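The values are calculated or read from the model by the stated rules, or taken from the named source; none is laboratory data. What you see is a predicted model; the values in this text were computed from it and never measured. Cβ atoms come from the backbone with ideal geometry, glycine included; neighbour counts cover every protein chain shown.
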Amino acid sequence: MSKHFKLKRGFNIRLKGAAEAVLEDAPAPKTVALKPTDFPGLTPKLSVKADTQIKAGEALFFDKYNPEILFTSPTSGTVSAVNRGERRKILEIVVEPDGKKEFVEFTKADPSKLSRDEIREQLLSSGLWPFIKQRPYGIIAKPNVVPKHIVISAFDSAPLAPDYEFLFSKEKSALQTGINALAKLTDGQVYVGLSPEQSSGVFASLKNIETNTFEGPHPAGNVGIQISKVCPIGKQDTIWTINPQAIIYIGRLFETGKLDLSKIIALAGSEVKAPKYYKTIHGTQLDSLLKGRTKTETHERVISGNVLTGAKVDADNYLGYFDQQITVIPEGDDYEFMGWAAPGVDKFSASKAFFAKLFPKKEYVLDANLNGGERAFVISGQYEKFLPMDVLPVYLLKAILVNNIDKMEQLGIYEVIEEDLALCEYACTSKIKVQDILREGINSMIKELG
Amino acid sequence: MKALRNFFEKTKPYVQKGAKYHWLHSTHDAFFTLAFVQKDTSKSGTHIHDYIDMKRTMGLVVLSVIPALLMGMYNIGYQHYGALGQLATTGFWSMFLFGLLKVLPVIIVSYVVGLSIEFIFAQFRGHEVNEGFLVTGILIPMVMPINTPLWMVGVATAFSVIFGKEIFGGTGMNIWNPALVARAFLFFAYPAEMSGDSVWISADGVQKMADGFTGATPMAEGVAGHTSINAWHAFVGLIPGSIGETSTLAILIGAAILIITGIGSWRIMLATVLGGSFMGILLNIFAVNPFMAIPFWQQLIIGGFAFGAIFMATDPVSAAQTTKGKWIYGFLIGVLAILIRVLNPAYPEGMMLAILLMNTFAPLIDHYVVQGNIKRRLKRAPQSA
């Protein structure tokens with residue numbers, strides 16, 4: 001039974017620099033890396049030392065508290081460095097490709113003929129398991145759990161996000177194989193959320209799934225929003241989510257027996273000369289891709305991911321584990337005289353307090369300036385406009401700030417992760433760090449209730 | 001501008017912690033951030049932030065009260081020359097200038113006293129100076145009778161900032177609307193100077209009121225049984241009353257600014273008007289005295305009803321914060337304001353008390369709305385445990 005959900009709340013930030021539907025090969029990266037920091041709450045333990053020779057699919061590190069969860073190398077080569085930060089925290093495990101393309105051999109089989117345990121084993125040993133996230137909390141799924149349902153969003157509604165139909169239109173068979181594997185892991189349904197434009201795309205033609213359509217502004221494409229409409233999470237329910245890119249990796253793994261982590265990403269943003277798509281590999285180093293492709297007129301901020309939830313990275317850093325876009329925007333580290341009092345014809349805003357409201361079609365260059373100081377919660381009714389769920393975000397955040405576990409549970413902490421409230425943070429008059437507060441709350445839930 | 005920026009940047013090290021002029025830190029920061037949007041960029045969370053901030057928000061509220069303030073100034077001159085019986089011979093600008101000169105000292109006292117206290121608290125707490133007082137500081141003069149002595153304005157402002165706001169933790173934490181706390185403080189501490197018929201008109205040198213001028217507000221007249229209100233005068237704002245509350249027309253212009261920019265809650269405004277109308281109609285139906293029989297719509301344009309509904313009840317901090325809560329909160333303010341005004345002769349203006357009372361109950365209203373949300377969510381996804 002396919003349902004159509006029309007979401008009124010939310011907001012599309014009209015940024016300049018969307019990727020044009022043109023695909024190019026990215027230059028081969030000098031190094032690739034995995035970043036344990038892409039996983040909130042993960043304690044990584046190394047399985048290799050620097051200078052070790054490894055094949056694609058061989059483990060680089062594992063989760064200290066769930067040692068069966070492996071993180072494997074996307075390419076064959078040499079482990080060239082383990083970069084550490086403060087208190088010897090592991091930041092990156094860097095692999096220098098040797099160009100030999102040696103693969104660890106995994107089982108090549110039709111997943112619909114395999115058992116649940118066999119599929120789970122294969123996903124764990126190949127290093128594809130960490131792509132599966134669980135709700136509540138948005139952390140790596142626990143292998144010993146059978147989720148109620150698996151929910152997949154087939155579109156990304158975030159600012160300048162890549163078009164999934166463009167990314168995945170040629171991957172139908174891998175998608176289908178991946179879905180078949182995932183379907184074995186749950187007793188419930190595999191739900192796929194489509195945007196209205198995708199009614200005849202590659203996702204709509206998949207089998208073994210139940211589709212729903214979500215119409216509306218961002219965050220309609222967030223899987224958390226879709227879960228809240230399709231199968232709301234109660235206490236002790238577990239829902240798994242996975243990005244279509246990872247489903248393709250899983251499909252390729254079962255079809256070929258090899259770990260093939262090549263992917264297409266979008267290079268977008270107002271500071272990119274010609275925003276378009278590039279074919280590259282998981283964890284690629286960004287410098288060769290960015291070199292000569294950005295405008296370098298001002299200080300630039302390179303973001304792995306989108307402007308709402310991505311991570312700020314240096315130009316010689318690496319693509320994030322889950323990221324499918326690189327966004328480059330101006331840093332905006334400059335003063336503006338009486339900026340708050342200007343009429344604001346050029347100041348795009350989610351509020352109605354600037355004259356830019358009069359130009360509903362124009363696209364804008366937005367920078368990373370905070371545009372104001374941090375304050376207490378003053379304005380009411382602002383966050384609700386950006387969250388199409390029956391959750392009162394300010395009350396939830398206040399419950400987190402006073403660390404009231406019961407209230408957090410009652411007010412819906414199981415249903416949201418950072419990306420769902422990111423728009424609230426963008427629009428907040430008081431410049432409150434919504435995503436940081438929410439993760440703090442999720443961490444204390446995990447600590448208290450496990 | 002460059003020179004100004006250089007000055008701020010160069011002096012910044014001297015007000016940092018441990019430096020010689022650290023005690024000026026909050027002051028330096030307040031003026032620097034007022035003059036320049038800072039160069040700080042996002043360190044965590046979202047990379048882009050909306051252009052709207054507290055300065056923009058509060059600035060727009062101040063902008064929205066300006067028409068009512070200007071009209072109030074004119075009205076002070078109008079009442080003065082009216083009492084002298086010289087309306088026909090005095091020009092528009094003379095009247096306005098008279099009012100301007102009367103009101104300006106009150107505004108200055110309010111801002112100087114209030115901001116000084118704000119700066120000191122910000123310094124001690126290590127916070128930035130909050131913009132909330134920019135609004136409070138203009139609202140306080142507007143709810144004062146014109147004859148309030150300046151020292152009283154100062155004391156009331158200090159009381160409202162310290163006990164109405166800072167003891168709770170500053171802007172965003174207060175329970176009551178600070179401007180109304182100032183008004184209520186004077187109302188109960190100095191009742192003689194705050195009510196009666198002589199405080200509303202600046203009548204220095206007026207020996208005897210000209211014909212038709214009593215100096216009483218329409219509410220006081222109403223309680224006394226005189227209910228011949230000149231509705232047009234009441235709407236435009238040519239009646240005795242507090243400095244900024246008299247002109248419903250100017251207040252409506254302010255309301256339009258608040259609603260178009262989305263800064264003020266139209267729900268609270270509308271709910272308050274609905275509540276007031278409801279009570280007014282009810283009183284009309286059961287009228288046993290002339291004041292109860294005043295057409296309900298006239299109740300909305302006299303006294304502080306419009307001013308309270310648009311600028312006071314909508315204070316986002318002390319009002320109800322949930323959507324449903326806002327409707328209940330606003331409606332009850334309207335009902336209570338008219339109820340107190342008409343049925344309790346001891347308090348000729350009910351708006352202040354109605355809003356303060358509902359400020360007190362707003363968290364309770366929100367509590368039940370939030371409980372409703374929790375129950376609904378439980379039903380939707382059973383928390384089996």
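Matching residues to (1) assigned by TED's automatic domain parsing to the domain that holds residue A:38; (2) touching a Ser or Thr at 6+ places or on another chain (Cβ under 8 Å); (3) surrounded by fewer than 21 Cβ atoms within 10 Å (Cβ to Cβ):
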position: A:85; (1), (2), (3): yes, no, yes
position: A:91; (1), (2), (3): yes, yes, yes
position: A:94; (1), (2), (3): yes, yes, no
position: A:111; (1), (2), (3): no, yes, no
position: A:121; (1), (2), (3): no, no, yes
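State yes or no: is residue A:328 in a strand (DSSP E or B) and within 12 Å of chain B (Cβ to nearest Cβ)?
Working: in a strand (DSSP E or B): yes; within 12 Å of chain B (Cβ to nearest Cβ): yes.
In short, yes.
Taking the condition more than 14 Å from every other protein chain (Cβ to nearest Cβ) and either without any contact (Cβ under 8 Å) to a residue 12 or more places away in the chain or within 22 Å of the chain's Cα centre (by Cα) (or both), does residue B:310 pass?
Yes: the conditions hold for residue B:310.
Please go through segment B:307-356 and give me each residue that is among the charged types (D, E, K, R) and surrounded by fewer than 22 Cβ atoms within 10 Å (Cβ to Cβ), ordered by number.
Selection gives B:324 alone.
Please indicate, with yes or no, whether at least one residue in segment B:124-140 is over 16 Å from the mean Cα position of the chain (by Cα) and in a helix (DSSP H, G or I).
First, pick out the residues of segment B:124-140 that are over 16 Å from the mean Cα position of the chain (by Cα): B:124-130.
In the following step, the residues that additionally are in a helix (DSSP H, G or I) were identified as B:124-125.
So far as segment B:124-140 goes, yes, one or more of its residues are over 16 Å from the mean Cα position of the chain (by Cα) and in a helix (DSSP H, G or I).
Among (1) within 7 Å of another protein chain (Cβ to nearest Cβ); (2) within 28 Å of the chain's Cα centre (by Cα), which single condition is residue A:317 missing?
(1)
Can you name every one of the strands (runs of 3 or more DSSP E) wholly within segment A:63-164 that holds 2 or more residues which are over 26 Å from the mean Cα position of the chain (by Cα)? Step through it out loud before you land on a result.
Numbers: elements: A:66-72, A:77-84, A:90-97, A:133-135, A:149-153.
Counting at least 2 such residues, we get A:77-84.
Any idea which residue in segment A:279-308 is modelled with the lowest pLDDT, counting only those that are within 14 Å of chain B (Cβ to nearest Cβ) and in a loop (DSSP other than H, G, I, E, B)? Steps first, please.
The initial filter retains those residues of segment A:279-308 that are within 14 Å of chain B (Cβ to nearest Cβ), namely A:298-308.
Right, trim to in a loop (DSSP other than H, G, I, E, B) and you get A:298-299, A:305-308.
Numbers: A:298: 85, A:299: 90, A:305: 94, A:306: 94, A:307: 95, A:308: 95.
Across segment A:279-308, the extreme among qualifying residues is A:298.
Identify the residue in segment A:221-269 that is within 14 Å of another protein chain (Cβ to nearest Cβ) and in a helix (DSSP H, G or I) and, among all such residues, is surrounded by the fewest Cβ atoms within 10 Å (Cβ to Cβ).
A:229
Report those helices (runs of 4 or more DSSP H) wholly inside segment A:333-429 carrying at least 1 residues which are under 23 Å from the mean Cα position of the chain (by Cα), in contact (Cβ under 8 Å) with a residue 40 or more places away in the chain and more than 7 Å from chain B (Cβ to nearest Cβ).
Details: elements: A:393-401, A:405-411, A:418-427.
The qualifying helices (runs of 4 or more DSSP H) are A:393-401, A:418-427.
For segment B:34-74, which positions are over 30 Å from residue B:2 (Cβ atoms), more than 7 Å from every other protein chain (Cβ to nearest Cβ) and not β-branched (Val, Ile, Thr)? Full working, then the answer.
Keep residues of segment B:34-74 that are over 30 Å from residue B:2 (Cβ atoms), which gives B:44-46, B:61, B:64-74.
With the extra rule that they be more than 7 Å from every other protein chain (Cβ to nearest Cβ), the set shrinks to B:61, B:64-74.
Result: B:64, B:67, B:68, B:69, B:70, B:71, B:72, B:73, B:74.
Go through segment B:1-117 and tell me which helices (runs of 4 or more DSSP H), entirely inside it, have 3 or more residues that are hydroxyl-bearing (Ser, Thr, Tyr), more than 21 Å from residue A:432 (Cα to Cα) and assigned by TED's automatic domain parsing to the domain that holds residue B:133. Break it down stepwise before answering.
Details: elements: B:2-11, B:25-35, B:54-84.
Once the helices (runs of 4 or more DSSP H) in segment B:1-117 are filtered for at least 3 residues that are hydroxyl-bearing (Ser, Thr, Tyr), more than 21 Å from residue A:432 (Cα to Cα) and assigned by TED's automatic domain parsing to the domain that holds residue B:133, what remains is B:54-84.
When both residues are 6+ apart or on different chains and their Cβ atoms are under 7 Å apart, which pairs have a first residue that lies in segment A:81-98 and is more than 17 Å from residue A:59 (Cβ to Cβ), and a second that is assigned to a strand (DSSP E or B) and charged (D, E, K, R)?
A:83/A:92; A:91/A:84
For a quick check of your reading of the model, give me the residue pairs whose first member lies in segment B:371-382 and is at the interface with chain A (Cβ under 7 Å from one of its Cβ atoms) and surrounded by 13 or more Cβ atoms within 10 Å (Cβ to Cβ), whose second is of a type in the set (A, V, I, L, M, F, W, C) and assigned to a helix (DSSP H, G or I), with beta-carbon atoms closer than 9 Å and at least 6 apart or on different chains.
Correct list of pairs: B:373/A:411; B:374/A:411; B:377/A:411.
In this structure, is residue B:301 under 21 Å from residue B:251 (Cα atoms), at pLDDT below 90 and in the same structural domain as residue B:260 (by TED's automatic domain parsing)? Walk me through it before giving the result.
Numbers: under 21 Å from residue B:251 (Cα atoms): yes; at pLDDT below 90: yes; in the same structural domain as residue B:260 (by TED's automatic domain parsing): yes.
For residue B:301, the condition - under 21 Å from residue B:251 (Cα atoms), at pLDDT below 90 and in the same structural domain as residue B:260 (by TED's automatic domain parsing) - is met.
Just checking, how many residues over segment A:82-106 are among the polar types (S, T, N, Q) and touching a helix residue (DSSP H, G or I) at 6+ places or on another chain (Cβ under 6 Å)?
Here is the first cut: in segment A:82-106, the residues among the polar types (S, T, N, Q) are A:83.
Pick out the ones that are also touching a helix residue (DSSP H, G or I) at 6+ places or on another chain (Cβ under 6 Å) and you get none.
Number satisfying all stated conditions: 0.
Among the residues of segment B:121-158, write down those that are within 17 Å of residue B:311 (Cβ to Cβ), within 12 Å of another protein chain (Cβ to nearest Cβ) and not charged (D, E, K, R).
Across segment B:121-158, the qualifying residues are B:132, B:134, B:135.
Grab the helices (runs of 4 or more DSSP H) fully contained in segment B:270-385, keeping just those with 3 or more residues being of a type in the set (S, T, N, Q).
Working: elements: B:296-301, B:323-343, B:351-380.
The qualifying helices (runs of 4 or more DSSP H) are B:351-380.
Could you tell me which residue of segment B:109-123 is modelled with the lowest pLDDT, considering only residues that are in contact with a helix residue (DSSP H, G or I) (Cβ under 6 Å, 6 or more places away or on another chain) and of a type in the set (Gly, Ala, Ser)?
Looking at residues that are in contact with a helix residue (DSSP H, G or I) (Cβ under 6 Å, 6 or more places away or on another chain) and of a type in the set (Gly, Ala, Ser), I get B:122.
Tell me, which residue of segment B:1-33 that is more than 9 Å from chain A (Cβ to nearest Cβ), under 26 Å from residue B:51 (Cβ atoms) and among the basic types (Lys, Arg) is surrounded by the most Cβ atoms within 10 Å (Cβ to Cβ)?
Top of the filtered list is B:12.
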